[in-house]
Amino acid sequence: MTEVRARVRELGVTLTGEPGRWNAITDVPGVEVGHVTLIEGEDVRTGVSAVLPRGRDGVGVPCAAGWYAMNGNGEMTGTTWVEESGSLAVPVMLTNTYAVGPVHRGVVEWVREHRADMAPEWLLPLVTETWDGHLNDIHGAAVGPAHAAAAIDAAAPGPVAEGCVGGGTGMRCYGFKGGAGTASRVVAYGEDRYTVGAYVQANFGARDELVVAGVPVGREAALRAEAAGDAGTAGESGDTGDTGDTDGIPPGAGSVVVIVATDAPLLPGQCKALARRVPMGLARTGTAGSHFSGDLFLVFSTANESALTSTFPVKGAPAEYETMRFVPWGRIDPFGTAVVEAVEEAVLNALTTATTTTGRAGHRVPALPLDLVRGLPSSRR
């Protein structure tokens with residue numbers, strides 16, 4: 001009988017913070033997410049995901065943004081411009097490591113077709129990746145420019161598909177099947193209420209590191225497998241099926257990309273400061289980080305819609321000014337807390353919604369057993 005997968009809160013796990021309506025990055029008004037999932041034969045387990053800060057109609061309208069690399073063993077194109085200008089005006093694309101080029105080209109082609117008015121001579125797409133070569137023939141050409149365009153066209157508000165979808169199709173996390181996950185938190189600020197939403201492509205962590213609601217679930221899983229005499233599931237090696245190091249991949253290798261959105265009015269530097277809080281949310285799930293994991297984070301704010309523009313000046317036009325409204329630095333802490341909480345839950349949602357997957361060379365990655373996490377925290381804490 002196939003196990004019915006569920007989000008972590010649906011399993012009765014107690015986590016801190018107040019989620020938004022969908023408990024997803026799309027709780028931030030205007031944000032849309034789309035996926036293209038590619039599963040073909042034995043070798044193709046990959047895809048493309050798109051996060052649109054202001055939806056398709058808002059492509060070209062800048063958001064305040066900042067990024068941070070906890071470990072630079074990965075790629076996120078377009079970040080030099082984010083660093084320079086403090087702004088983001090393009091779709092955020094997630095895929096596998098060797099598909100960055102085709103997806104980059106796909107964004108250029110989509111913008112040229114649908115937004116010819118948007119800097120026609122110049123465009124810097126933002127494309128990021130994690131490595132799915134254990135389950136997917138990453139050297140193949142499964143992902144093409146058209147898939148990037150299709151992911152953008154598929155983007156929608158509301159509930160977000162999680163687990164083995166889009167760019168997360170072939171990913172592993174803590175020795176189990178990983179992939180896409182999302183969550184959100186509501187932040188009260190005086191009479192206003194803002195939302196902070198996180199979207200992760202989770203492909204990181206060694207099995208014995210995994211922690212859920214403070215409980216060392218990963219160690220328990222490894223001990224259970226060892227007691228059952230299943231060497232393949234007890235650790236990170238063996239050909240019996242699940243996480244094997246048949247590719248010579250050390251435990252914890254992979255990568256994690258986190259995209260955080262908020263409608264709170266923030267400066268670019270404040271977005272960058274929140275991006276530096278993302279590792280704290282990841283650490284709550286147990287990881288200590290790995291040299292072989294590219295850990296890249298982007299935060300954007302959809303407030304201040306008319307600011308941070310960068311268009312060619314019109315000859316003879318009057319000089320212009322732009323203004324921004326923002327949360328004072330001394331009041332930023334609740335938003336940092338929301339980032340930490342949403343990132344933690346997004347990773348756990350990726351794990352609890354993903355399904356056991358078999359792919360390239362017969363490699364099999366099991367889903368996290370849900371009985372290990374139901375009702376946590378418990379007496380096991």
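DSSP loop (so not H, G, I, E, B), at most 14 other Cβ within 10 Å: list which trypsin sites (Lys or Arg not before Pro) in the range 1-101 pass both filters. Intermediate results must be reported in sequence, preceding the final value.
Working: sites: Arg5, Arg7, Arg9, Arg21, Arg45, Arg54, Arg56; in loops: Arg5, Arg7, Arg21, Arg54.
In loop regions of the range 1-101 (DSSP not H, G, I, E or B), the sparsely surrounded trypsin sites (Lys or Arg not before Pro) are Arg21.
Pulled fully out, how much extra length does the chain show between Ala361 and Arg115, if you take 0.36 nm times their separation in residues and subtract their Cα-Cα distance?
Values: separation 246, 0.36 × 246 = 88.56 nm, distance 4.18 nm.
Between Ala361 and Arg115, full extension yields 84.4 nm more.
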Checklist line | Kirkwood Rh and Cα Rg combined as Rg over Rh, evaluated for the range 13-66 | finding: 1.12
Notebook entry, point to check: In nanometres, what is the gap between the two model label sites at Met280 and Arg219, each 7 Å from Cα along Cα-to-Cβ?
Noted result: 2.4
Notebook entry, point to check: Over all distinct alpha-carbon pairs, what is the Kirkwood Rh of the range 45-97 in angstrom?
Noted result: 12.3
Item checked: Share antiparallel - DSSP beta bridges, the chain, percent rounded to 5 -> 80
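Report, to two decimal places, the Cα Rg of the range 328-381 normalised by 2.2 N^0.38 Å (N = number of residues). Let's see the in-between values first.
On the way: Rg = 17.0 Å, N = 54, 2.2 N^0.38 = 10.0 Å.
Cα-based Rg divided by the globular estimate yields 1.70.
Could you work out the equivalent-ellipsoid semi-axes for the range 27-164, taking the square root of 5 times each eigenvalue of the Cα gyration tensor, largest first, in whole Å?
24, 17, 15
So which chymotrypsin sites (Phe, Trp or Tyr not before Pro) in the range 303-335 end up in coil per DSSP with only 12 or fewer other C-beta atoms within 10 Å? Provide the component values of the computation, followed by the final result.
Numbers: sites: Tyr321, Phe326, Trp329, Phe335; in loops: Tyr321, Phe326.
Taking the range 303-335 and a limit of 12 other Cβ atoms within 10 Å, the loop chymotrypsin sites (Phe, Trp or Tyr not before Pro) found are Tyr321.
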Check: If you average 1/r over all unlike Cα pairs in the range 85-227 and invert the result, what Kirkwood radius do you get in angstrom?
Finding: 17.6
Note to self: Expected output is a single nm value to one decimal: the length gained when fully extending between Ala156 and Arg325, i.e. 0.36 nm times separation in residues minus the C-alpha distance. What is it?
What the structure shows: 58.1 nm
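Using only the alpha carbons of the chain, what is the convex hull's orientation-averaged projected area in square nanometres?
19.0
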Notebook entry, point to check: What are the trypsin sites (Lys or Arg not before Pro) within the range 289-370 that DSSP puts in a loop, where the Cβ has at most 15 other Cβ atoms within 10 Å?
Noted result: Lys315, Arg325
Note to self: Quick one: the Cα spread of the range 281-381 along its three principal axes, in angstroms, biggest first?
What the structure shows: 66, 41, 26
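For the range 240-379, give the share of DSSP beta bridges that are antiparallel, in percent and rounded to the nearest 5; count only bridges with both residues there. Mind dumping the intermediate values first?
Working: 2 of 9 bridges.
For the range 240-379, the DSSP antiparallel bridge percentage is about 20.
In debye, nearest 20: dipole of the range 331-381 around its Cα centre with unit charges on the Cβ of K, R (+) and D, E (-)?
260
Leaving out ligands, DNA and RNA, what percent of the accessible area of the range 77-185 is carbon and sulfur, probe 1.4 Å? If you can, show how the numbers build up before the last one.
On the way: 2030 of 3610 Å².
After summing per-atom areas, the C and S share lands at 56 percent.
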Checklist line | Linear extension gain, Glu226 paired with Glu84, 0.36 nm per residue minus alpha-carbon span | finding: 46.0 nm
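When the dipole is taken about the Cα centre of the chain, and only Lys, Arg (+1) and Asp, Glu (-1) are charged at their Cβ, what size is it in debye, to the nearest 20? The partial results should precede the final answer.
On the way: 29 positive and 43 negative charges, 141 e Å.
Dipole magnitude for the chain comes out near 680 debye.
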Note to self: Need one number: nm distance between label points at Ala146 and Ala188, each 7 Å from Cα along Cα→Cβ, rounded to one decimal.
What the structure shows: 5.2
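Arranged from highest to lowest average of other beta-carbon atoms within 10 Å per residue, in what order do the peptides 134-144, 336-346, 206-216 appear?
On the way: 134-144: 19.5, 336-346: 26.4, 206-216: 21.5.
Top of the packing list down: 336-346, 206-216, 134-144.
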Notebook entry, point to check: Roughly what would the spin-label model give for His139 and Glu3, points 7 Å off Cα along C-beta, in nm?
Noted result: 3.4
Margin query: Just to check, using Stokes-Einstein with a Kirkwood Rh over alpha carbon pairs, what's the diffusion coefficient of the range 242-323 at 20 °C and 1.002 mPa s in µm²/s?
Written below: 132
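The values are calculated or read from the model by the stated rules, or taken from the named source; none is laboratory data. The shown structure was predicted, so the numbers you read here are calculated from the model rather than taken from an experiment. Methodologically, a virtual Cβ is constructed for each residue, glycine included, from the backbone with ideal geometry; neighbour enumeration extends over all protein chains shown. When the accessible area is computed, the model is the full protein with side chains, heavy atoms only, and any ligands, DNA or RNA have been set aside. Shrake-Rupley method; radii C 1.70, N 1.55, O 1.52, S 1.80 Å.
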